[in-house]
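One structure, pasted below without further comment.
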Amino acid sequence: MQETVCITGATSGFGWACAERFAADGRRLIVIGRRAERLAELRAQLGAVPIHAVELDVRDLSAVEAMVRDLPEGFRDIDVLVNNAGLALGLEGAHEASLADWENMIDTNIKGLCYLTRCLLPGMVARNRGHIINMGSVAGTYPYPGGNVYGATKAFVNHFSRNLLTDLVHTRIRVTNIEPGLAESEFSLVRFHGDQRRADAVYQGTEPLRPVDIAEIVHWVTTVPPHVNICAVEVMPVCQSCGPLAVHREP
Ligand code: NDP
Ligand code: 8X3
């Protein structure tokens, strides 16, 4: 039977690359994002693959519920959910960061991910079959200046993934948290509210991870034998490491 894979945030970066990777493997796809023109582009690029594209804001619970309710025949039994939609906004210290940005990150990275999970899990449990792959981050483990709420949302994703496993231990459902480090996509352009020069500077002089690197890992965790669960994958480019603990010294 052909597996159905649902990918949020498929209009760019990791999500787009995951759609290409799973399409190459002959999976049936549900691709989700807010930008309709990108969804149309993705659909055109993937050609003959069975694909259901949904223009959806994951922060909107009733829209998520409607999306699940209205899934067309052939796309209802989702085998893999890639909870990838997410964003960082700003890099200011906690005392000067934008509260609107904080709310947006919490609503997208935490609440949106919970909405998709909660709405799709009952079907997976009823079928005793499924895999939830959450897009965490190294920022969920290692703090850095200005990471404040973004890092905290990814720490939520890490712990939520582990808690899901405990709730689902009586089932065949798998849960994986992918935790990438520096990767080049539209991530920094979004973080810096469209400032291309600031975004480019993030990757200058580095060889960052590419979306295709992450897509390979996301695909791989679905291909191990059914009794094996890859709980978490932390991945950084070779040019990155975790920093030393900081000590402030008076001059
Ligand atoms: P991109 O900005 O390239 O892609 C983000 C995707 O999320 C887009 O498809 C965007 O689609 C979608 N998205 C954002 N908000 C919403 C929303 N409210 N509803 C639906 N879709 C939404 O970034 P990446 O591919 O790099 O990021 C993907 C995930 O990986 C994120 O969760 C990010 O936090 C995480 N990550 C990224 C790293 C990096 O360095 N790049 C490292 C570690 C983790 P649209 O705008 O069309 O809605
Ligand atoms: C994205 C990686 O280090 O920019 O989650 O926060 S980082």
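The values are calculated or read from the model by the stated rules, or taken from the named source; none is laboratory data. Quick caveat, the model's predicted, so the values are computed rather than measured. Using ideal geometry, Cβ is built from the backbone for each residue, glycine included, and neighbour counts are taken over all protein chains shown. Keep in mind that these areas ignore ligands, DNA and RNA; they rest on the heavy atoms of the full protein, side chains included. Shrake-Rupley method; radii C 1.70, N 1.55, O 1.52, S 1.80 Å.
Which of (1) touching a residue at least 12 places away in the same chain (Cβ under 8 Å); (2) out of contact with any Asp or Glu (no Cβ under 6 Å at 6 or more places or on another chain) does ALA66 not meet, given it meets every other one?
Evaluating ALA66 over (1) touching a residue at least 12 places away in the same chain (Cβ under 8 Å); (2) out of contact with any Asp or Glu (no Cβ under 6 Å at 6 or more places or on another chain) leaves (1) as the failure.
Now, a different point. Filter the stretch 189-224 down to residues that are basic (Lys, Arg) and part of a helix (DSSP H, G or I) and give me whichever is nearest to ligand 2 (Cβ to nearest atom).
Across the stretch 189-224, the extreme among qualifying residues is ARG191.
Being buried (at least 16 other Cβ atoms within 10 Å of the Cβ), of a type outside the set (A, V, I, L, M) and over 25 Å from ASN158 (Cα atoms) narrows it down to one of GLU55, GLU37, so name that one.
Only one candidate passes the filter, namely GLU55.
Another question, then. Quickly run through the stretch 183-205 and pick out the residues that are open to solvent by less than 60 Å² (accessible area, probe 1.4 Å) and either at pLDDT below 95 or away from ligand 1 (no atom under 11 Å from the Cβ) (or both).
Within the stretch 183-205, PHE192, GLY194, ALA201 qualify.
Quick one: count up the residues across the stretch 161-184 that are within 16 Å of ligand 2 (Cβ to nearest atom) and either over 25 Å from LEU209 (Cα atoms) or out of contact with any Leu (no Cβ under 9 Å at 6 or more places or on another chain) (or both). Walk me through it before giving the result.
Just the residues of the stretch 161-184 that are within 16 Å of ligand 2 (Cβ to nearest atom), to begin with: 161, 177-184.
If we keep only those that are either over 25 Å from LEU209 (Cα atoms) or out of contact with any Leu (no Cβ under 9 Å at 6 or more places or on another chain) (or both) too, we end up with 161, 177-179.
Selection size over the stretch 161-184: 4.
Right, next: Which residue pairs have Cβ atoms under 6 Å apart, sit 6 or more places apart or on different chains, and have a first residue in the stretch 170-195 that is over 18 Å from GLY146 (Cβ atoms) and a second that is more than 12 Å from ligand 1 (Cβ to nearest atom) and in a strand (DSSP E or B)?
Going by the 6 Å Cβ cut-off, the qualifying pairs are ARG174/HIS131; VAL175/ILE132; ASN177/ALA232.
With (1) more than 22 Å from ALA155 (Cα to Cα); (2) open to solvent by 40 Å² or more (accessible area, probe 1.4 Å); (3) among the aliphatic types (A, V, I, L, M); (4) touching a Gly at 6+ places or on another chain (Cβ under 9 Å) as the list, and LEU42 as the residue in question, which single condition is left unmet?
(2)
Tally up the residues in the stretch 72-93 that are out of contact with any Ser or Thr (no Cβ under 9 Å at 6 or more places or on another chain), open to solvent by less than 60 Å² (accessible area, probe 1.4 Å) and touching a residue at least 24 places away in the same chain (Cβ under 8 Å), please.
Number of matching residues: 1.
Quick check: anything in the stretch 149-164 in contact with a helix residue (DSSP H, G or I) (Cβ under 6 Å, 6 or more places away or on another chain) and assigned to a loop (DSSP other than H, G, I, E, B)?
So far as the stretch 149-164 goes, no, none of its residues is in contact with a helix residue (DSSP H, G or I) (Cβ under 6 Å, 6 or more places away or on another chain) and assigned to a loop (DSSP other than H, G, I, E, B).
Would you confirm whether any residue within the stretch 46-60 is acidic (Asp, Glu) and part of a strand (DSSP E or B)? Spell out how you get there, then give the answer.
Keep residues of the stretch 46-60 that are acidic (Asp, Glu), which gives 55, 57, 60.
This time we only want the ones that are part of a strand (DSSP E or B), so: 55.
Yes, there is a match, as at least one residue in the stretch 46-60 is acidic (Asp, Glu) and part of a strand (DSSP E or B).
What about GLY140, is it without any contact (Cβ under 8 Å) to a residue 60 or more places away in the chain and either crowded, with 23+ Cβ neighbours inside 10 Å or under 14 Å from the mean Cα position of the chain (by Cα) (or both)?
yes
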